[in-house]
Amino acid sequence: MNTKRLIVLAAIETVAIALGVCLLLFAFRYTPPTSTPIPAPSKTWSPEQTGWPYSSPIAWEKYRPYLQEEIDTAGMAKNCIKLERLFQEVADQPEDELLTYVSRWGSHTKCFDEDE
């Protein structure tokens with residue numbers, strides 16, 4: 001009889017410990033911080049800002065689709081390898097406006113030397 005009593009007490013103790021652990025986990029549960037919205041990317045250079053070398057905006061539709069977004073994304077991410085590849089791509093274009101645009105991103109992100 002004594003053995004049965006010890007088994008019952010051990011079972012009750014185990015249940016009490018499990019409930020205590022559950023209550024502690026509930027009391028100190030992790031609540032993640034509230035997420036802050038990511039601000040919309042701002043264009044670094046535009047005709048309204050000082051230092052814009054052209055009197056009108058670049059006619060992006062003349063070039064391949066999503067070129068401006070690709071340049072801006074690489075610049076904002078400070079992806080120097082991608083900016084260098086895009087610089088080489090636009091260097092073949094007859095207009096200097098694209099070269100200047102990528103070059104300004106390269107200078108802004110310190111991916112390109114000032115001498116380039």
Pair ILE17, ILE81: separation of 7 Å Cα→Cβ label points (nm): 5.3 nm
Accessible area expressed per residue, segment 69-116, with surrounding protein chains retained (probe 1.4 Å, Å²): 60 Å²
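What shape does segment 63-116 have by the C-alpha gyration tensor, where a ≥ b ≥ c are the square roots of the eigenvalues, rounded means a/c under 1.5, and otherwise prolate means a/b greater than b/c and oblate the rest? Please list the in-between numbers first.
Numbers: a/c = 1.92, a/b = 1.19, b/c = 1.62.
Since a/c reaches 1.5 but b/c is at least a/b, the shape of segment 63-116 is classed as oblate.
The values are calculated or read from the model by the stated rules, or taken from the named source; none is laboratory data. Remember, predicted model here, so these are calculated numbers, not experimental data. Glycine also receives a Cβ, built like all others from the backbone with ideal geometry; neighbour counts cover every protein chain displayed. The accessibility values were calculated without ligands, DNA or RNA, using every heavy atom of the protein model including side chains. Shrake-Rupley method; radii C 1.70, N 1.55, O 1.52, S 1.80 Å.
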